[in-house]
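Below you'll find the structure, written out as structure tokens, and then a few comments.
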Amino acid sequence: MLETNLDIEELEEAQPLYEHYRIVVDKGQVPLRVDKFMFEKLQHSSRNRIQKAADAGFVHVNEHPVKSNYKVRPGDVVTLMLDRPQYDSTIEPEDIPLDIIYEDDALMVVNKPAGMVVHPGCGNFHGTLVNAIAWHLRNNPDYDPNDPEVGLVHRIDKDTTGLLVVAKTPEAKSHLGLQFFNKTTHRSYCALVWANFSDDDGRIEGNIGRDPKDRLRMAVFSPDSEIGKPAVTHYHVLERFGYVTLVQCVLETGRTHQIRAHMRHIGHPLFGDERYGGTEILRGERSSSYRAFVQNCLKLCPRQALHAQTLGFVHPVTGQQMDFTSTLPQDMSQLVEKWRQYMKHTNNNDIQQ
């Protein structure tokens, strides 16, 4: 008899379940807990999530829900049954405006606005940049938006603006991808960060990995820790506003949230970056007028103040060096000007570091 989490009649009366995963246990399989068995088979899930699924009655063996400690045996049919149908991950063209900086037969360079997710994912299945690109190239018979050998070569966060390159052919994507891998591309970002810098230039080194306390955030670990992936960010001060600083960042590596995590690590979170503490008033006066000023700044640019400003690479067909620059978007430009005007009316001697 299988150990069940729910009474069978209760389960049948519940909302319908949909099969998301199925595997028949091999003949040579030794008895193994079903949560461990599924953890070894499912690439993008944790054992804890599988155990929770079992607790909810979603893990089935031979069409019956089982507890996570059930031991699979040869010939068992293990299924993951969820209360929602599988999402169709097919990328469909959507008529969404694109800011195209450059385009030819091999590639295109686009300027992504704030708030646009680059690629469909959990909670963002429509309205993404790749849906917009699919629409723009819908009449190109050689471009299949569902073919991983074409399309976006790199990514930036939803609320980061700026330049991205799209490959129209497998050859172009392979060539461009190799340039990114070999770090021969040229990319720089413009960021407004909290606090002043003692030096005009600096280098941040630290492995970046998933924050164990917040899975939606990245954390910085020692390069010797063997946790996360190596990451190096260079920064150069462009303009100082006492309590915040405009900097240019150049990446040696391209890790998830690299600039956001590195800047927070050295005490300079990006202005407006809620996930990394940038929406707190981290520097400045205690007056109500200053607090009101900062809140107005946050409303003016309600996102992390980060812009992918320059992009350079060698054209995969012509061999020509291609360099592109994108001006600051309106929200970030207005934010910088607001701080600039604030400093003009502030006594620099009164600035609290």
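Just a few scattered comments:
- With contacts taken as Cα pairs under 8 Å and at least 6 residues apart, segment 171-303 reaches a relative contact order of 24 percent.
- Relative contact order of the chain, taken over Cα pairs closer than 8 Å and 6 or more residues apart, is 13 percent.
- Ranked packing of 335-345, 269-279, 53-63, most packed first, by mean Cβ within 10 Å: 269-279, 53-63, 335-345
- Here ARG155 and HIS64 are evaluated by their C-beta separation; at R0 = 56 Å the FRET efficiency comes out at 0.85.
- Applying 0.36 nm per residue to the separation of VAL24 and GLU239 and subtracting their alpha-carbon distance, the gain on full extension is 71.2 nm.
- From its DSSP helices (H runs of at least four residues, each -39,500 (n - 2.57)), the chain gives a residue-normalised ellipticity at 222 nm of -6500 deg cm²/dmol.
- Computed FRET value (nearest 0.05) for ILE100 with ASP224, which takes r as the C-beta separation and R₀ as 51 Å: 0.70
- By the compact-protein rule of thumb, 2.2 N^0.38 Å, the alpha-carbon radius of gyration of segment 268-353 corresponds to a ratio of 1.46.
- The reciprocal of the average 1/r between distinct C-alpha atoms defines the Kirkwood hydrodynamic radius, which for segment 150-289 equals 16.4 Å.
- For the chain, the spread of Cα coordinates along the three principal axes comes to 79, 54, 42 Å, biggest extent given first.
- Of all aspartates and glutamates in the structure, the ones whose alpha carbon falls short of 14 Å from that of LYS158, not counting any fewer than 8 places away in one chain, are ASP273, GLU274.
- If you take the alpha carbon atoms of segment 209-280 and fit the smallest convex hull around them, that volume is 91 Å³ per residue.
- Candidate cross-link partners of LYS71 among the lysines, defined by an alpha-carbon separation under 28 Å and a same-chain spacing of 8 or more, comprise LYS27, LYS36, LYS41, LYS52.
- For VAL250, net neighbour charge (Lys/Arg +1, Asp/Glu -1) across residues whose Cβ lies under 13 Å away: +1
- Computed over segment 49-176, the percent of Cα pairs more than 19 Å apart is 58.
- Within a straight-line Cα-Cα reach of under 18 Å, LYS173 can be paired with the following lysines, leaving aside sequence neighbours fewer than 8 residues apart in one chain: LYS183.
- Rounded tilt (10° steps) of 170-181 against the dominant C-alpha axis of the chain: 70
Read the figures in this text as sums done on the coordinates, not as results from a lab. It should be emphasised that the depicted structure is a prediction, and the values quoted were computed from it without experimental measurement. Neighbour counts run over all protein chains shown; Cβ positions are idealised from the backbone, glycine included.
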